[in-house]
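Novice: Below you will find the structure I want to go over with you.
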Amino acid sequence: MIDLYPAIDLRDGKVVRLRQGDYDDQTTYGDDPVAVALAFADAGAAWIHVVDLDAARSGSPLNRPVVAAIATAVAGRAQVQTGGGVRTLADARSLADAGVARVVMGSAAVAEPQLVAAASEVVAVAVGLDHRGGEVAVHGWTVGSGVQLADALQWFPTAEVFVITDIARDGMLTGPDVEGLAAAGRATTIPIIASGGVATLADVAALKVVHGITGVISGKALYEGRFTVAQALQVLAS
């Protein structure tokens, strides 16, 4: 069974989406993230993907109380995977204590791969590999790291999953990078969660059959009514 990860991106405590990670190109979808998370859980989502955009850029965990509130609200029904500004062992521990089931480490993981091994002793870790044209981007997608996705896939043996985002497609509703994700799936034995560009149920169906993919993140398509959580779950289960 492939899991659906409805996405909640947090900025200033609100539910937002950015286009291609651009902080100046934001759409706000609501000011009650907990209610959004509960709606996703009510619809049957087993996981919720939460991103602290403020922390991703600044490192300051401004939205951590909101993340904790989400985890508390959906406890026993859905698990929370969260990223954005998870840069230290203390960050990982704090989120685990808040009820988060899995943390996503991106910038810190690329800068210090051994940190993933240490954090994995505390909580399950997803390594977020967000890339532009194959180059992994860091610090809220604002700068390139010089590291190629194909190389980074070999660096993190203790990662529970990889979250791979094609930044050029994120928030654009242009379809996922099926070919690139398939190549990543062939390059690693660690499961992959696909992110970026999902616009239709056909996109969900296309990702479902890619070797190595065990999860699909969807944000903007859900908020704009392209399909519902229940519909996507039905496709993934069929």
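Novice: For region 64-85, what are the residues that are in contact with a helix residue (DSSP H, G or I) (Cβ under 6 Å, 6 or more places away or on another chain) and either in a loop (DSSP other than H, G, I, E, B) or farther than 24 Å from residue 2 by Cα (or both)?
Specialist: Within region 64-85, the subset in contact with a helix residue (DSSP H, G or I) (Cβ under 6 Å, 6 or more places away or on another chain) is 66, 69-70, 73-74, 77-78, 80, 82, 84-85.
Correct list: 66, 69, 77, 78, 84, 85.
Novice: So, in region 94-131, exactly how many residues are of a type in the set (Gly, Ala, Ser), part of a helix (DSSP H, G or I) and closer than 16 Å to residue 50 by Cα? Can you show your working first?
Specialist: From region 94-131, those of a type in the set (Gly, Ala, Ser) are 94, 96, 98-99, 101, 106-109, 111, 117-120, 124, 126, 128; that's our starting set.
Of the ones still in play, those that are also part of a helix (DSSP H, G or I) are 94, 96, 107-109, 111, 117-119.
Next, only the ones that are closer than 16 Å to residue 50 by Cα stay: 94, 96.
Residues flagged as of a type in the set (Gly, Ala, Ser), part of a helix (DSSP H, G or I) and closer than 16 Å to residue 50 by Cα within region 94-131 amount to 2.
Yes or no, residue by residue, for (1) charged (D, E, K, R); (2) touching an Asp or Glu at 6+ places or on another chain (Cβ under 9 Å); (3) under 15 Å from residue 102 (Cβ atoms):
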residue: 39; (1), (2), (3): no, no, no
residue: 51; (1), (2), (3): no, yes, yes
residue: 54; (1), (2), (3): yes, yes, no
residue: 57; (1), (2), (3): yes, no, no
residue: 60; (1), (2), (3): no, yes, no
residue: 63; (1), (2), (3): no, yes, no
residue: 71; (1), (2), (3): no, no, yes
residue: 76; (1), (2), (3): no, no, no
residue: 79; (1), (2), (3): no, no, yes
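This table checks each residue for (1) hydrophobic (A, V, I, L, M, F, W, C); (2) more than 18 Å from residue 17 (Cβ to Cβ).
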site	(1), (2)
120	no, yes
176	no, no
191	no, yes
198	yes, no
213	yes, yes
223	no, no
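Novice: If you take the residues in region 19-62 that are of a type in the set (S, T, N, Q) and touching a Phe, Trp or Tyr at 6+ places or on another chain (Cβ under 9 Å), which one is farthest from residue 227 (Cα to Cα)?
Specialist: Applying the first criterion (of a type in the set (S, T, N, Q)) to region 19-62 yields 20, 26-28, 58, 60.
From what is left, the residues that are touching a Phe, Trp or Tyr at 6+ places or on another chain (Cβ under 9 Å) are 20, 27.
Working: 20: 21, 27: 18 Å.
Selected residue: 20.
Novice: If you don't mind, there's one more thing I want to ask. What number of residues within region 164-199 are of a type in the set (S, T, N, Q), surrounded by 16 or more Cβ atoms within 10 Å (Cβ to Cβ) and farther than 17 Å from residue 148 by Cβ? Give the steps one after another, and end with the answer.
Specialist: First, the residues of region 164-199 that are of a type in the set (S, T, N, Q): 165, 174, 188-189, 195.
Among the residues that remain, those that are also surrounded by 16 or more Cβ atoms within 10 Å (Cβ to Cβ) are: 165, 188, 195.
So of that shortlist, the ones also farther than 17 Å from residue 148 by Cβ come out as 195.
The number of residues fulfilling the criteria is 1.
Novice: Another question, if that's okay. Exactly one condition in (1) touching a Phe, Trp or Tyr at 6+ places or on another chain (Cβ under 6 Å); (2) surrounded by fewer than 18 Cβ atoms within 10 Å (Cβ to Cβ) is false for residue 217; which is it?
Specialist: Going through (1) touching a Phe, Trp or Tyr at 6+ places or on another chain (Cβ under 6 Å); (2) surrounded by fewer than 18 Cβ atoms within 10 Å (Cβ to Cβ) one by one, residue 217 breaks only (2).
Novice: Follow-up question, since we're still on this one. Does residue 129 satisfy the condition of being at pLDDT 95 or above, hydrophobic (A, V, I, L, M, F, W, C) and over 29 Å from residue 14 (Cα atoms)? Break it down into steps so the answer makes sense when it comes.
Specialist: Values: at pLDDT 95 or above: yes; hydrophobic (A, V, I, L, M, F, W, C): yes; over 29 Å from residue 14 (Cα atoms): no.
Taking the combined requirement at face value, the residue does not satisfy it.
So that you can scan it fast, the table gives a plain yes or no per residue for (1) touching a Pro at 6+ places or on another chain (Cβ under 7 Å); (2) surrounded by 20 or more Cβ atoms within 10 Å (Cβ to Cβ); (3) free of Cβ contacts under 8 Å to residues at least 40 places away in the same chain:
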{"position": "1", "(1), (2), (3)": "no, no, no"}
{"position": "44", "(1), (2), (3)": "no, no, no"}
{"position": "56", "(1), (2), (3)": "no, yes, no"}
{"position": "62", "(1), (2), (3)": "no, no, no"}
{"position": "71", "(1), (2), (3)": "no, yes, yes"}
{"position": "81", "(1), (2), (3)": "no, yes, no"}
{"position": "88", "(1), (2), (3)": "no, no, yes"}
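The values are calculated or read from the model by the stated rules, or taken from the named source; none is laboratory data. As the structure is a prediction and not an experimental result, all values here were calculated from the model. Using ideal geometry, Cβ is built from the backbone for each residue, glycine included, and neighbour counts are taken over all protein chains shown.
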